[in-house]
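Enquirer: Sharing a structure below in structure tokens format, with a few things to ask.
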Amino acid sequence: MAENNVILEAKGIYKSFSGVSVLQDVHFSVDRGEVHALMGENGAGKSTLIKIITGVYSKDQGQIYWEGKPVEINNYQDCQKLGVACIYQELSVIPPLTVAQNVFLGREPRKAGKIIDYKKMNQMTQELIDKYEFPLKPTTVVDNLGIGQRQLIEILKGLSQNSKLLIMDEPTASLSGKEAEMLFKIINTLRKQGVSIIYISHRLEEVYMLSDRLTILRDGKNAALLEKHEIIPAKVIETMIGKVVDESSGSKKMLQSKGGDVRLDVRGLTDKTDRFRNISFQVHKGEILGFGGLIGAGRTELVRAIYGIDKPISGEVYLDGEKMVNPSPKKSIDMGIGFVPEDRRNHGFIPLLSTTKNVALTNYDILKKNGLAVSDKDELDMSKRAIQAIDIRPSDPDKQVGVMSGGNQQKVVLGKWLMRDLRLLIVDEPTAGIDVGAKDEIYSILEDLASKGVAVIVVTSDLQELLRVSHRILVMRKGDIVKEFKNEVVTQSMVLSAGQGVTEDKEAAE
């Protein structure tokens, strides 16, 4: 496309955090009416680049151009004034309000400058709906709409401000197949209307279907800029991962599955909202079973259901041959199952409490009592055992966990489970946001548990981590288990290809 057709351009962008380089000389541009996809592994720099474009982060070096002119974007308001809107995974719609009220929230048309003109607001919303052919009504209460339609409201918000560029961050992560299809039609309609879209996704088939161009980032740098005809699955995956094949780098591993007694037996587990369906698998004593797959594949929802946080619509779960009836977190704890959640800060520990209190959270049933009160001495002794067992730093039992490093926070979350007689430990994203040194310590803890006969399930989006810790790997895609890797040499590319739905035959054909 001609240079004067470029609506947004980022040139020579650099960004570091605490001396660690995240973006290095990154170039990125979007043309008018173009769907430009942005891909890369976790940590490649995608989110940082988008946050610089939208004013969340300031850049260290480089320049952003809007319609050919240099601009400074210091906050999201600057971004909106230019005509850029961002649709995040976490939707900001307010369910009790109508579609129109959400679209014009804070910008309502008023009569005589005071009273909200609801008739005009509904009319303005209807005009937008008609223009872009959205399946919505202005007066519908959002609480009655599905996730897909709520996401369309977020898009309408941007369009109501005459946005020329929409940034969509993993827009289909929470959508069903039908909702995703509806979104794709909307995206094609927007493109025809001249709206530009930055489409961030881990799902290669969506990028292949929708995008006019694809930029791939790797390790904070530009790895490739591909035109539509160049977006070949095998080529994209190879570019995302790089050509490193040294086993010491974690790019490949000989998996050796444990064939001991079955500890966990999952049969036909199905989610009531179709996030996963008819899932069956087994985990053996002393085995670390890794779950790979893309964001939104259903992995987190599956392990939450096994633990009893969410209720499946059908299926059965057995632990050492005993059926778990109406599983709940309390029943799971009583049966010897531990759970380390994906969001450790909000669901794994209480930031304002000490190490002692956090370690005790799941263990009050085994702590000694002085009458009705818990023994302070026993509580403190347990905390000291946990600190010593996994080297929590600082070793002060009274230290608030919220002010510790991410690695030591995760150790506290793990530590409370090590104080119990575990049979199964489920760990979701064990080292997200943790430095390299702490990662190795976490891996050692999991491997030590497995060596003692504990079955471990690890859910992770980090391919190197998945290969590093797993004895066997199951890959999920769109709610189904699509591939099992065991007793063979497995590479990161093989796991990523399975998660993307790229078969060896398809790669060969390409």
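FYI, it's all coordinate maths here, none of it is from the lab. These numbers were taken from a predicted model, which means no experiment stands behind them. Positions of Cβ are backbone-derived with ideal geometry, glycine not excepted, and every protein chain shown enters the neighbour counts.
Enquirer: Among the lysines, select those whose C-alpha is under 21 Å from the C-alpha of Lys399, and discard any that sit fewer than 8 residues away in the same chain.
Expert: Output for Lys399: Lys357, Lys377, Lys384, Lys411, Lys416.
Enquirer: So, one more: Could you calculate the FRET efficiency of Gln282 with Leu352 from 1/(1 + (r/R0)^6), where r is the beta carbon distance between them and R0 is 60 Å, rounded to 0.05?
Expert: On the way: r = 40 Å, r/R0 = 0.67.
Calculated value: 0.90.
Enquirer: Any of Lys164/Lys311; Lys331/Lys439; Lys81/Lys439; Lys69/Lys178; Lys452/Lys486; Lys185/Lys235 with alpha carbons more than 32 Å apart? Name them for me.
Expert: Details: Lys164/Lys311 42 Å; Lys331/Lys439 30 Å; Lys81/Lys439 42 Å; Lys69/Lys178 40 Å; Lys452/Lys486 21 Å; Lys185/Lys235 27 Å.
Correct reply: Lys164/Lys311; Lys81/Lys439; Lys69/Lys178.
Enquirer: Taking the number of other C-beta atoms within 10 Å as the exposure measure, put Trp417, Trp66 in order starting with the fewest. Could you put the intermediate results ahead of the total?
Expert: Working: Trp417 24, Trp66 20.
The fewest-first ordering by Cβ neighbours comes to Trp66, Trp417.
Enquirer: Can you list residues from other chains, or at least 5 along the same chain, whose modelled amide H is less than 5 Å from the amide H of Arg277?
Expert: Asp271
Enquirer: Amide H of Ile7: which non-local residues (sequence gap of 5 or more, or other chain) have their own amide H closer than 5 Å, using H built in the peptide plane?
Expert: Val30, Asp31, Arg32
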